[in-house]
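Here, each number is a calculation from the coordinates, and none is a lab measurement. Since we're looking at a predicted model, the values are computed, not measured. Positions of Cβ are backbone-derived with ideal geometry, glycine not excepted, and every protein chain shown enters the neighbour counts.
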Amino acid sequence: MLSGIDYFIVIAYLVGIMVLGLYFARFVRSADDFFLCGRSLPFWAVGMSIVATDISAMDFVGVAGQSYRFGVSVGNFDWLGSMPAMLLAAFIFVPYFWKAGLYTIPEYLGRRYNDGVRAVASMTWIIFFALDLGVLFWATAVMFEPLMGWPPWFSIIATAIVVGLYTFFGGLTAVVMTDVVQMIIMFVGGATVVVVGLYHAGGWDGLTDKIATMGDAYQNHFKLIQPADTQTPYPWTGILFGLTLVMSNAYMIGNQAIVQRCLATKSVWHAKASMLCGAFFKMFIPMLVMFPGLIAVAMYPGMEDGDKAFPTLVKNLLPPGLRGLLFAGFLAGLMSTIDSILNSTATLWTKDVYERFLKKGASSRHYMIVGQLATVVLLIFGVITSPLSKQFPGIYVAIQTFLSFFQGPAFSILLLGMFWPRATQWGGLVGLVGGICTSILLYIFKGHLFTIEEPFLYISWWSFVVGVLLNVAVSFATKPHPNGRLAGLVFGLPKVPQSSCEAPAC
Amino acid sequence: MLNFDWLRNVSPAAAKAVFLGLFIVSGLLVLMIPKASILEGVENPRWWHNLKLWALGVLAIIFTIYSIF
């Protein structure tokens with residue numbers, strides 16, 4: 001249980017973040033303000049928001065658990081899993097998206113291919129985000145119950161009210177600006193555990209010396225690159241082909257919750273700079289989430305469940321006051337992910353479904369209200385579905401698996417769409433749907449096809465390859481788009497954007 | 001083939017060289033970006049507006065990390 005000072009820190013954090021978020025409500029007058037902050041954000045706010053959105057409290061526990069079991073190789077997910085992709089996003093994709101005046105990534109796919117591709121991509125993200133909300137709310141309740149003594153329903157509703165209020169009234173501006181504060185709190189909370197843990201472990205040298213004497217099982221604990229035939233989930237071949245070339249690009253370039261912030265920057269330079277700023281902060285994430293697992297190996301060896309490494313360190317090493325700070329950091333991680341999901345899903349629904357298929361040509365204020373209502377509906381859906389995580393403990397893994405089916409094929413059509421003018425609307429649609437079907441088949445027969453237990457990196461790569469091949473084959477067999485329709489949408493072509501509504505192929 | 005069996009004999013040291021090479025190639029590609037594109041949207045350019053420096057800085061950090069570990 002937390003002490004009095006810890007309670008004070010947590011309550012002050014919750015109230016402070018709500019007041020800060022509500023302050024930005026005064027700047028929201030239209031759909032452009034609500035979804036894209038009137039394109040007024042500076043690069044540093046967006047860069048920090050990208051990191052806060054990407055990292056949740058589950059990363060602190062889960063990544064520390066993985067590093068406890070497998071060592072530093074789990075750090076590949078934040079280093080190789082972000083850096084090359086964020087460079088590609090900063091210098092190629094984001095400037096194109098920004099100049100095209102987009103609100104969503106599926107909107108780009110709709111303009112580049114057709115509305116079918118836009119609808120599949122948009123609905124996939126909406127379903128993923130909506131299901132993820134319930135899991136995140138439940139994670140909040142699981143954190144509150146042992147430390148604050150609050151019953152789950154109280155924690156869930158309290159979090160929903162705080163996040164819901166500022167997201168409803170303040171839109172993306174409130175989400176991004178609260179993310180900035182939340183990232184700082186996360187960094188301070190995470191760094192506290194690392195500094196205190198390293199002190200108790202005898203510093204970096206003491207840590208490495210202790211682990212080096214623990215036998216053969218730990219000989220690869222400080223090696224980022226694991227052999228191709230390793231039994232860990234991180235063979236270098238999977239890291240290179242699945243993570244670096246496919247999953248990281250799909251996440252950093254195709255994830256609405258990440259890219260939407262870059263589209264809300266005040267200029268194209270700020271859009272590029274925001275990605276690079278985010279890449280800089282991401283370099284430090286593994287040190288915050290991975291090092292606690294290594295410290296736990298040295299101090300508390302032999303734990304059967306690696307996910308207990310982080311809570312064990314917190315319980316045994318942190319004094320009152322610092323525990324409250326860390327708990328606030330945990331909450332910041334969860335809340336920054338929840339608010340981003342709420343706003344991005346409302347944007348997807350309003351721009352890609354409601355405005356495109358249900359009501360065209362309404363006023364900007366009308367679409368803003370639709371976005372706010374979508375936020376409320378999502379919030380209620382998240383609260384109602386949150387107990388599912390208790391009834392079905394595997395739901396988090398199931399949701400992440402569902403997303404991994406989609407990422408390889410989605411990146412394949414984004415890549416060909418941006419760099420290959422010959423890619424046609426039917427090539428894109430067949431590539432996307434065929435790639436997703438390939439992922440599902442590979443997953444079903446993974447026991448017969450793959451030698452490692454969790455081959456999600458390989459599945460991403462091969463579904464990407466199939467997506468590319470299908471797109472190329474069908475594109476050659478169908479009528480190409482005229483170059484005028486592709487202006488501003490394909491790298492190397494003239495940069496005069498054209499609305500999908502005017503395009504003859506649509 | 002699905003498990004990249006044909007790469008099984010590549011040592012982790014050689015694999016590490018592949019990743020370090022990837023960072024170097026990324027840096028070279030960044031250097032090839034036209035300056036006009038880098039400074040697009042900036043009214044009064046200063047040296048710190050040069051995003052090539054930002055990208056090379058981050059690449060230097062990750063190169064160092066992968067060299068050590």
Task: Distant-in-sequence amide H partners of A:THR265 (H built 1.01 Å from N, under 5 Å) - done: A:LEU41
TODO: Mind checking which lysines have their Cα closer than 30 Å to the Cα of A:LYS360? Skip sequence neighbours fewer than 8 apart in that chain.
DONE: A:LYS99, A:LYS266, A:LYS351, A:LYS479, A:LYS495
Task: trypsin sites (Lys or Arg not before Pro) within segment B:12-69, DSSP loop, no more than 10 other Cβ atoms inside 10 Å - done: B:ARG46
TODO: Please list the radius of gyration and Dmax for the protein assembly as shown, considering alpha-carbon atoms only, with Å as the unit.
DONE: 23.1, 70
TODO: Please give the length that would be gained between B:VAL42 and B:ILE24 if that part of the chain were fully extended, namely 0.36 nm times their separation in residues minus their C-alpha to C-alpha distance (nm, one decimal).
DONE: 3.7 nm
Open item on the list: Using all alpha carbons of segment A:1-109, what is the percent of pairwise distances in each 5 Å bin, ordered from the shortest bin to the longest?
Closed with: 2, 8, 10, 16, 16, 13, 15, 11, 5, 2, 0
Task: Estimated [θ] at 222 nm from DSSP helical runs (n ≥ 4, -39500 (n - 2.57)) normalised by residues in chain A, nearest 500 - done: -22000 deg cm²/dmol
- [ ] In vacuum, with every alpha carbon of segment B:5-68 counted as one equal point scatterer, what does the Debye formula give for log10 I(q)/I(0) at q = 0.13, 0.20, 0.26 Å⁻¹? Two decimals, please.
- [x] -0.49, -0.81, -1.07
TODO: Within 10 Å of each Cβ in peptide A:280-289, how many partner chain Cβ atoms are there on average? Round it to a whole number, please.
DONE: 2
Task: Test item: Cα-centred dipole of chain A, Lys/Arg +1 and Asp/Glu -1 on Cβ, debye - done: 1620
Task: Total formal charge among the other residues, if their Cβ is under 12 angstrom from that of A:LEU80, Lys/Arg +1 and Asp/Glu -1 - done: +1
Task: Test item: Cα-centred dipole of segment B:5-68, Lys/Arg +1 and Asp/Glu -1 on Cβ, debye - done: 140
Task: Helix A:268-282 vs. chain A, principal-axis angle (Cα, 0 to 90°, nearest 10) - done: 30
Open item on the list: Run the simple label-point estimate for A:ILE11 and A:ILE369 please: 7 Å along Cα→C-beta, distance reported in nm.
Closed with: 3.8
Task: Euclidean distance between Cα centres, segment A:8-76 to segment A:133-180, Å - done: 12
Open item on the list: If the only charges are +1 at each Lys and Arg Cβ and -1 at each Asp and Glu Cβ, what is the size of the charge dipole of segment A:1-128 around the Cα centre, to the nearest 20 debye?
Closed with: 360
Open item on the list: Could you derive backbone 3J(HN,Hα) for segment A:306-315 from the dihedral phi with the Karplus parameters 6.51, -1.76 and 1.60 (θ = phi - 60°), listing whole Hz in sequence and x where the residue is Gly or Pro?
Closed with: x, 5, 8, 4, 5, x, 5, 4, 4, 5
- [ ] May I ask you to list the lysines whose Cα is less than 29 Å away from that of A:LYS223, ignoring any residue fewer than eight positions away on the same chain?
- [x] A:LYS210, A:LYS282, A:LYS308, A:LYS315, A:LYS446, B:LYS16
TODO: Kindly write out, for segment A:116-131 in residue order, the coupling ³J(HN,Hα) from the Karplus curve 6.51 cos²θ - 1.76 cosθ + 1.60 (θ = phi - 60°), rounded to whole Hz, with x marking Gly and Pro.
DONE: x, 4, 4, 5, 4, 5, 5, 5, 4, 5, 4, 4, 4, 5, 4, 5
TODO: First measure r as the distance between the Cβ atoms of B:ILE33 and A:ARG39, then evaluate 1/(1 + (r/R0)^6) with R0 = 22 Å and state the FRET efficiency to the nearest 0.05.
DONE: 0.40
TODO: Sticking with the crude label model, points 7 Å out along Cα→Cβ, report the distance from A:LYS315 to B:ARG8 in nm, one decimal please.
DONE: 4.2
Open item on the list: Give me, ordered by chain and number, the residues 5 or more places off A:GLN226 or on other chains with an amide H under 5 Å from its own placed amide H.
Closed with: A:TRP236
